[in-house]
Amino acid sequence: MSLPAQPTNLLVLDTMVLSHFTLADRLDVLQDLLIDAECWTTQVVLEELRAGPAARPEPVSVAEDGWLRLARLDTLDEIRCFTKWTGLLGSGERDLGEASVIAAAELRRGIAITDDRNATQVARHHGARVHGTIWLLAAACRDGKQTETAAGNLIEALRTTGARMPCSGAEFPAFARKYNLL
């Protein structure tokens, strides 16, 4: 499936994405790559980052600085949407962040950004717009914000933190072309 270069400028980022970019000391790179997008995260994601095994204050402070807008999901319609996604994805501690991000994206007609494969599959099956880090990096390459080599280096930095990527940095160009991302 071929995707337009800029399908939307509203992205809602999940814990996994923010956490691994932070661990790789590349949160600033993510911010630069997404400079033209309206970026959101959720209160649930911030709580996951605060409570994680190695609490990560950097994304929380970035959200407080205004780069990431904060979706709290506290109106009745927002709670209903979040409840729908927790029912579809699960309501365990590991699923709440993804459910909140997909709900926030749906409510804002944006794209949820998560690297959780199960959440992505379920969300797409139910009509949500969901992509991951590889999609973001390919879009940055298409838009001239980074080279394929730089994207590959970033993938390797993320993999070093334990991020589960569908390809290595060296495989990125071929992988992205195979799936019509480049």
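The values are calculated or read from the model by the stated rules, or taken from the named source; none is laboratory data. Here the structure is a predicted model, which means the values were calculated and not measured. We place every Cβ from the backbone using ideal geometry, glycine too, and count neighbours over all the protein chains shown.
In a residue-by-residue description of region 55-67, the property of being at pLDDT 80 or above, in contact with a Leu (Cβ under 8 Å, 6 or more places away or on another chain), surrounded by 15 or more Cβ atoms within 10 Å (Cβ to Cβ) and not basic (Lys, Arg) applies to no position. Suppose we keep only residues that are in contact (Cβ under 8 Å) with a residue 12 or more places away in the chain and loosely packed, with under 13 Cβ neighbours inside 10 Å within region 141-163. Which one would you say is farthest from residue 120 (Cα to Cα)? Checked region 141-163; the qualifying residue farthest from residue 120 (Cα to Cα) is 143.
Against the numbered list (1) under 27 Å from residue 180 (Cβ atoms); (2) assigned to a helix (DSSP H, G or I), residue 112 comes up short only at (2).
Yes or no: region 167-179 includes at least one residue that is touching a residue at least 24 places away in the same chain (Cβ under 8 Å), touching a strand residue (DSSP E or B) at 6+ places or on another chain (Cβ under 6 Å) and of a type outside the set (Asp, Glu). Scanning region 167-179 turns up no residue that is touching a residue at least 24 places away in the same chain (Cβ under 8 Å), touching a strand residue (DSSP E or B) at 6+ places or on another chain (Cβ under 6 Å) and of a type outside the set (Asp, Glu). Among the numbered conditions (1) surrounded by fewer than 23 Cβ atoms within 10 Å (Cβ to Cβ); (2) under 23 Å from residue 169 (Cβ atoms), the only one that residue 124 does not meet is (2). Just the residues that are within 8 Å of residue 152 (Cα to Cα) and small (Gly, Ala, Ser), please, taken from region 168-182. Hits for region 168-182 are 168, 169, 170. Considering region 118-180, the qualifying helices (runs of 4 or more DSSP H), each wholly inside and each with 3 or more residues that are under 21 Å from residue 38 (Cβ atoms), run over 133-142.
Can you confirm whether region 88-99 contains a residue that is over 18 Å from residue 30 (Cβ atoms), more than 17 Å from the chain's Cα centre (by Cα), among the aliphatic types (A, V, I, L, M) and part of a helix (DSSP H, G or I)? Yes, region 88-99 contains a residue that is over 18 Å from residue 30 (Cβ atoms), more than 17 Å from the chain's Cα centre (by Cα), among the aliphatic types (A, V, I, L, M) and part of a helix (DSSP H, G or I).
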